[in-house]
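Accompanying notes for the structure given below.
What follows is calculated from the coordinates using simple rules that are stated; it is not laboratory data. Keep in mind that what you see is a predicted model, and the values were worked out from it rather than measured. When we count neighbours, we look across all protein chains shown, and the Cβ atoms used for this are built from the backbone with ideal geometry, even at glycine.
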Amino acid sequence: MRKKRKWSERLGFSILTLSGILVLTILGLILLDIFTKGVSVLSWKFLTEAPRNGMTEGGIFPAILGTFLVSLITVIFAVPLGMFAAIYLHEYALPGKITRLIRLAIRNLSGVPSIVFGLFGVVLFVQMLQFGTSILSAGLTLGLLTLPWTITACEEALKTVPKSYREGALALGATKWYAIRTNVLPYAVPGMLTGVILGLSRAAGETAPILFTGAAFFLPRLPGSLFDQFMALPYHLYILATQHHAIDKVRPIAYGTALVLLGLILFLSFSAIWIRYRFRKKMKG
Amino acid sequence: MDEKVKISVQSLNFFYGHVQALKNVSLEIPGNHVTALIGPSGCGKTTFLRCLNRMNDIVEGARTEGKILLDGYDIYGPEVDVVQVRRRVGMVFQKSNPFPKTIFDNVAYGLRINGNLPKSELAARVERSLKDAALWDEVADRLHDSAMKISGGQQQRLCIARALAVEPEVILMDEPASALDPIATQKVEELIQELKKKYTIVIVTHNMQQAARVSDITAFFYLGELIEVDRTEKIFTKPKMKRTEDYVTGRFG
């Protein structure tokens, strides 16, 4: 009896360990593959120059810039909106039908495939609001995509602020908004930022939503305004990997692009971790 | 009781959803005295305390019936600004809850709510509050350190200082010493004696000796009802009700 339990326990433990190692291995293999194949093209010129000769030579600067600009629009649009929605839901909304409906909508929104967001973006931003296929349309579309993540992350951050901060402020004669503004938000903002950055890093790698809303195959010039089309890293990668007339020739560039995109996302993730770490240290006093 | 009544509670009923937590409680709280609320856990004494500055308003599904008159004005009246009520009736919580700000900013928090005191005035009032809370000597040289760094006893006195800073008339204390060691407890108790000269104090406590030591009036709650209220020495020596006697002598609780 005793021996049997020990054995099954060991089996269970082994399966758990193996699963963990497997996940790590998969991630490691992806990183290794992209790194070894992409690192050879990586250079200062690759990062700062435009593609040349039908994208078989040169760098990817327009794509980096495009992804950066689009992400900027995404942040400017989605962060305040998501933050305010979260504050409303967590601090003000009374439990009831409408609140339940809003939450349901948010949950469903996060499950909508990104290509659907893309199509929606075409209808709303490109056509109805007449922003055209542009940085603005693509950024707003990605903003919609990240909104459910932003709201959820901001709400989670608000949940971590102890109730005693709110009550303490109210007991001193603070109005609800004053208490939230001075004694809740300052402690929730780092958590919110963490969530927002993670959401953004997802958005930055999306291709489908920007496909119809503003990303271009190739542009001879850099975008001059928010209403111009742009090149973006994930879309550029897609073109190089599947749509190019000389796929074998551009393969190293494709891997280089993948590496840059991956690097960008890792950078965002690490800055999220860093913010969280800094904040925890500060809260302990 | 011959003293001037500060708070008059009249037929107070309180509900959490369908659960009635307070049943027809009427109680007069005299000014410049310490009133202790005692009773076993779940008897409604903390709920009662939180009715006195309308902190229960923020509890979901809470409902209050009856009147609570502060200097004759019903704080549950339709015209009443709850923020004003809480300025006049301050509160110190069971678990000390310093905000993760500096010691100075903690005490100044309530003062800053209503706008712009000149800096010198602000500093003077912070100092006075910390002195009134018998904490000044211990923190004077580190006002701009985080309040999270001082000891638990100091944190609780900081919370008292923070409540004093807005110059309330009544201070509610919800087991203010329950998380403190004996020495810190003694300091808080001495402080309460000092504070009653200027303020009206209502204190919830689980500790019989503490109630006997610090209070002038003691009210005994049981299952949401006010069983008996009288001068503290009478409650502890010759209570009228059998249940009060059983409780204060430790036969149940």
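Give the distance, in whole Å, between the Cα centre of region B:168-226 and the Cα centre of region A:135-154.
Using only Cα atoms to place each centre, the spacing works out to 52 Å.
From zero up to wherever the largest Cα-Cα distance of chain A sits, split into 5 Å bins and tell me the percent of pairs in each.
Bins of 5 Å from zero give 1, 5, 10, 12, 13, 13, 12, 10, 8, 6, 4, 2, 1, 0, 0, 0 percent of pairs.
Please report the spacing between the Cα centers of region A:197-246 and region B:41-101 in Å, no decimals.
Region A:197-246 and region B:41-101 have Cα centres spaced 57 Å from each other.
Could you work out how much longer the chain between A:F217 and A:V116 gets when fully extended? Use 0.36 nm per residue separation minus the Cα distance between them, nm to one decimal.
Working: separation 101, 0.36 × 101 = 36.36 nm, distance 2.05 nm.
Going from the current span to full extension adds 34.3 nm.
Spin-label point model (7 Å from Cα, Cβ direction): what's the A:L109 to A:I247 distance in nm?
So the label points at A:L109 and A:I247 sit 3.8 nm apart.
Most fluctuating residue of B:H33, B:H144, B:H18 in a GNM of chain B with Cα springs under 10 Å: which is it?
B:H18
Given a Förster radius of 60 Å and the C-beta distance between B:S11 and A:R52 as r, what FRET efficiency does 1/(1 + (r/R0)^6) yield to the nearest 0.05? Spell out each step's value before the answer.
Working: r = 87 Å, r/R0 = 1.45.
With a Förster radius of 60 Å, E is 0.10.
With a ≥ b ≥ c taken as the square roots of the eigenvalues of the C-alpha gyration tensor of region A:25-72, please select rounded if a/c is under 1.5 and otherwise prolate if a/b is larger than b/c or oblate if it is not? Working shown, then result.
Working: a/c = 2.72, a/b = 1.42, b/c = 1.91.
Taking the square roots of the gyration eigenvalues as a ≥ b ≥ c, region A:25-72 is oblate.
Can you tell me the order of B:34-41, A:23-30, B:128-135 when each peptide is scored by its average per-residue count of other Cβ atoms within 10 angstrom, highest first? Intermediate results must be reported in sequence, preceding the final value.
Numbers: B:34-41: 23.0, A:23-30: 10.6, B:128-135: 21.0.
Order by mean packing, descending: B:34-41, B:128-135, A:23-30.
How well do other chains shield peptide B:106-113, expressed as the mean number of their Cβ atoms within 10 Å of each residue Cβ?
Working: counts 1, 0, 0, 9, 6, 1, 4, 8.
Per-residue shielding by partner chains comes out at 4.
Under 18 Å Cα to Cα from B:K149, which aspartates and glutamates show up? Leave out anything in the same chain fewer than 8 places away.
Output for B:K149: B:D105, B:D137, B:E138, B:D141, B:D181.
What does the net charge come to around B:E127 if you take all other residues with beta carbon closer than 15 Å to its beta carbon, with K and R at +1 and D and E at -1?
Numbers: positive: B:K119, B:R125, B:R128, B:K131, B:R142, B:R157, B:R162; negative: B:D105, B:E121, B:D132, B:D137, B:E138, B:D141, B:E167.
Value of the local net charge: 0.
Inside 10 Å of the C-beta atoms of B:94-103, what's the mean count of C-beta atoms belonging to other chains?
Numbers: counts 1, 2, 2, 9, 4, 9, 10, 5, 1, 0.
Mean partner-chain Cβ count within 10 Å for B:94-103: 4.
Please give the peptides B:155-166, A:231-242 ranked by average Cβ packing (other Cβ atoms within 10 Å per residue), highest first, as a rough proxy for protection. Working shown, then result.
Numbers: B:155-166: 26.3, A:231-242: 22.5.
Top of the packing list down: B:155-166, A:231-242.
List the residue ranges in chain A for DSSP H helices whose C-alpha atoms run 18 angstrom or more along the long axis and whose Kyte-Doolittle average is 0.5 or above.
Numbers: long enough: A:2-38 (54 Å, 0.63); A:61-87 (38 Å, 2.22); A:97-111 (21 Å, 0.26); A:135-159 (34 Å, 1.03); A:185-204 (27 Å, 1.19); A:247-283 (53 Å, 0.76).
Those that clear 18 Å and a mean of 0.5 are A:2-38, A:61-87, A:135-159, A:185-204, A:247-283.
Over chain B, one equal point on each Cα, no solvent: what is log10 I(q)/I(0) by the Debye formula at q = 0.15 Å⁻¹?
The Debye formula, applied to the Cα set alone, gives -1.07.
Output the peptides B:177-188, A:134-145 sorted from most to least packed, where packing is the average of other Cβ atoms within 10 Å over each peptide's residues.
Working: B:177-188: 16.2, A:134-145: 27.5.
Ranked from most to least packed, the peptides come out as A:134-145, B:177-188.
According to a simple spin-label model (label point 7 Å from Cα along Cα-to-Cβ), what is the distance in nm between B:Q84 and B:K149?
Here the modelled spin labels are 4.1 nm apart.
Can you give the calculated 222 nm mean residue ellipticity of chain A, where each DSSP H run of n ≥ 4 adds -39,500 (n - 2.57) and the sum is split over every residue, rounded to the nearest 500 deg cm²/dmol?
Values: 12 runs with 201 residues, N = 285.
One gets -23500 deg cm²/dmol as the mean residue ellipticity at 222 nm.
How big is D for the protein assembly as shown, in µm² s⁻¹ as a whole number, if Stokes-Einstein is applied with the Kirkwood radius of its Cα pairs at 25 °C and 0.890 mPa s? Kindly include the intermediate steps, with their values, before the conclusion.
Details: Rh = 28.0 Å.
Result for D is 88 µm²/s.
Please report B:K242, B:K45 as a ranked list, fewest other C-beta atoms within 10 angstrom at the top and most at the bottom. Walk me through the numbers on the way to the answer.
Working: B:K242 10, B:K45 28.
Least to most surrounded, the residues fall as B:K242, B:K45.
Assuming 1.567 mPa s and 4 °C, estimate D for region A:127-201 with Stokes-Einstein, Rh taken as the Kirkwood radius over Cα pairs, in µm²/s.
On the way: Rh = 14.3 Å.
For the chosen part, D equals 91 µm²/s.
May I have the extent of the alpha carbons of region A:234-285 along their three principal axes, as whole Å values ordered from largest to smallest?
59, 15, 8
Go through A:K163/B:K45; B:K198/B:K240; A:K159/B:K187; B:K23/B:K95; B:K4/B:K197; B:K6/B:K45 and tell me which ones have a Cα-Cα distance over 25 Å in this structure. Mind dumping the intermediate values first?
Numbers: A:K163/B:K45 20 Å; B:K198/B:K240 31 Å; A:K159/B:K187 35 Å; B:K23/B:K95 27 Å; B:K4/B:K197 14 Å; B:K6/B:K45 18 Å.
Beyond 25 Å: B:K198/B:K240; A:K159/B:K187; B:K23/B:K95.
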